[in-house]
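Asker: Structure below; questions to follow.
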Amino acid sequence: MKAFLVVLALFLPIINAQVPHWGPCPEPATQPAFNLKKFMGRWFEIAKLPAQFERGRCIETNFTLKLDGTAHVVSSEILKGELRTIDGTCVVEDKKNPAKLGISFSYVLPYTPYWILSTDYENSALVYSCTDVLRLFHVDFAWILGRTRSLPAATVDHGKEVFTNNNIDVSRMILSRQQGCDKDL
């Protein structure tokens with residue numbers, strides 16, 4: 001019991017803004033025949049489960065395929081009037097299921113799951129990430145992404161339905177702020 005309390009004390013500040021759930025991560029279905037090359041390019045965050053590491057507005061991510069088959073990832077947001085960016089690497093973690101990607105923004109941290117549940121490559125994508133903590137509880141993230149800064153409400157509603165049908169609780173999902181992004185900071 002002491003070990004559990006220590007682990008909980010260490011992870012509580014991290015999961016405060018996230019959506020913690022009891023039990024292990026769900027195993028949602030991912031995009032069949034996923035094509036990493038077609039997924040490359042600029043994606044805007046349309047809606048998300050709250051994430052402590054994303055507090056700004058105008059959040060977007062750009063994926064660029066590298067010669068070794070990995071992707072260079074640049075995520076950005078405007079926070080307190082300042083453009084902030086972070087660089088990372090994206091890899092296919094399971095060759096048999098190429099929609100199960102991993103992303104790392106640090107050389108010392110392991111890859112975090114970045115699973116593509118659904119995408120048409122041209123308009124929208126549904127992305128899910130989940131980390132188990134000793135299989136006692138999990139912390140998850142979900143994003144609805146678009147190739148433009150907004151998507152029709154029906155597309156967002158359908159995305160939420162896909163998450164829900166995969167046992168992913170999106171009751172706390174919020175719309176991202178994508179207004180005023182092209183103005184000077």
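Asker: Could you please give the count of residues in region 140-185 that are out of contact with any helix residue (DSSP H, G or I) (no Cβ under 6 Å at 6 or more places or on another chain), small (Gly, Ala, Ser) and not in a loop (DSSP other than H, G, I, E, B)?
Answerer: 4
Asker: Separate question: Just checking, which of THR85, THR89 is closer than 25 Å to THR64 by Cα, free of Cβ contacts under 8 Å to residues at least 12 places away in the same chain and touching a Ser or Thr at 6+ places or on another chain (Cβ under 9 Å)?
Answerer: Values: THR89 fails: free of Cβ contacts under 8 Å to residues at least 12 places away in the same chain.
Result: THR85 is the single residue among THR85, THR89 that is closer than 25 Å to THR64 by Cα, free of Cβ contacts under 8 Å to residues at least 12 places away in the same chain and touching a Ser or Thr at 6+ places or on another chain (Cβ under 9 Å).
Asker: I've got another one for you. With THR89, THR85 as the choices, which residue is within 22 Å of GLN178 (Cα to Cα) and assigned to a strand (DSSP E or B)?
Answerer: Going through THR89, THR85 in turn, the sole match is THR85.
Asker: Which members of region 67-82 meet the condition of being free of Cβ contacts under 8 Å to residues at least 40 places away in the same chain and surrounded by 14 or more Cβ atoms within 10 Å (Cβ to Cβ)? Break it down stepwise before answering.
Answerer: The first filter runs over region 67-82 and keeps only residues free of Cβ contacts under 8 Å to residues at least 40 places away in the same chain, leaving 67-77, 79-80.
THR70, ALA71, HIS72, VAL73, VAL74, SER75, SER76, GLU77, LEU79, listed by residue number.
Asker: Test each condition in (1) modelled with pLDDT of 95 or more; (2) assigned to a loop (DSSP other than H, G, I, E, B) for ILE46 and report the one that comes out false.
Answerer: Of (1) modelled with pLDDT of 95 or more; (2) assigned to a loop (DSSP other than H, G, I, E, B), only one is false for ILE46: (2).
Asker: Looking at (1) at pLDDT 95 or above; (2) over 13 Å from the mean Cα position of the chain (by Cα), find the lone condition where ILE103 falls short.
Answerer: Status for ILE103: all satisfied but (2).
Asker: Another question about this same structure. Starting from region 163-176, take each residue that is more than 13 Å from ALA29 (Cβ to Cβ) and list its partners that are basic (Lys, Arg) and not in a loop (DSSP other than H, G, I, E, B), counting only C-beta distances under 7 angstrom and pairs at least six apart or across chains.
Answerer: Qualifying pairs under 7 Å: VAL170/LYS160; MET173/LYS48; MET173/LYS160; ILE174/LYS48; SER176/LYS48.
Asker: Looking at (1) surrounded by fewer than 16 Cβ atoms within 10 Å (Cβ to Cβ); (2) free of Cβ contacts under 8 Å to residues at least 60 places away in the same chain; (3) farther than 11 Å from ALA47 by Cα, which one does ASP157 not meet, given that it meets all the others?
Answerer: Of the numbered conditions (1) surrounded by fewer than 16 Cβ atoms within 10 Å (Cβ to Cβ); (2) free of Cβ contacts under 8 Å to residues at least 60 places away in the same chain; (3) farther than 11 Å from ALA47 by Cα, the odd one out for ASP157 is (3).
Asker: It is to be established whether one or more residues within region 119-126 are buried (at least 17 other Cβ atoms within 10 Å of the Cβ), assigned to a strand (DSSP E or B) and touching a Cys at 6+ places or on another chain (Cβ under 6 Å). Let's see the steps before the verdict.
Answerer: Of all residues in region 119-126, those buried (at least 17 other Cβ atoms within 10 Å of the Cβ) come to 119, 124-126.
Among the residues that remain, those that are also assigned to a strand (DSSP E or B) are: 119, 124-126.
Checking which are touching a Cys at 6+ places or on another chain (Cβ under 6 Å) leaves us with none.
No; the residues of region 119-126 include none that is buried (at least 17 other Cβ atoms within 10 Å of the Cβ), assigned to a strand (DSSP E or B) and touching a Cys at 6+ places or on another chain (Cβ under 6 Å).
Asker: More than 19 Å from PRO50 (Cβ to Cβ), among the β-branched types (Val, Ile, Thr) and either touching a strand residue (DSSP E or B) at 6+ places or on another chain (Cβ under 6 Å) or surrounded by fewer than 17 Cβ atoms within 10 Å (Cβ to Cβ) (or both): which single residue out of THR164, THR112, THR89 fits that description?
Answerer: Numbers: THR164 fails: more than 19 Å from PRO50 (Cβ to Cβ); THR112 fails: more than 19 Å from PRO50 (Cβ to Cβ).
Sole residue among the options that is more than 19 Å from PRO50 (Cβ to Cβ), among the β-branched types (Val, Ile, Thr) and either touching a strand residue (DSSP E or B) at 6+ places or on another chain (Cβ under 6 Å) or surrounded by fewer than 17 Cβ atoms within 10 Å (Cβ to Cβ) (or both): THR89.
Asker: Name every residue in region 53-73 that is in a strand (DSSP E or B), more than 13 Å from the chain's Cα centre (by Cα) and aliphatic (A, V, I, L, M), in order of residue number.
Answerer: If the condition is that a residue be in a strand (DSSP E or B), more than 13 Å from the chain's Cα centre (by Cα) and aliphatic (A, V, I, L, M), then LEU65, ALA71 are the ones that fit.
The values are calculated or read from the model by the stated rules, or taken from the named source; none is laboratory data. Computed from a predicted structure; not experimentally measured. Here Cβ is always computed from backbone atoms with ideal geometry, including for glycine, and neighbour counts include all displayed protein chains.
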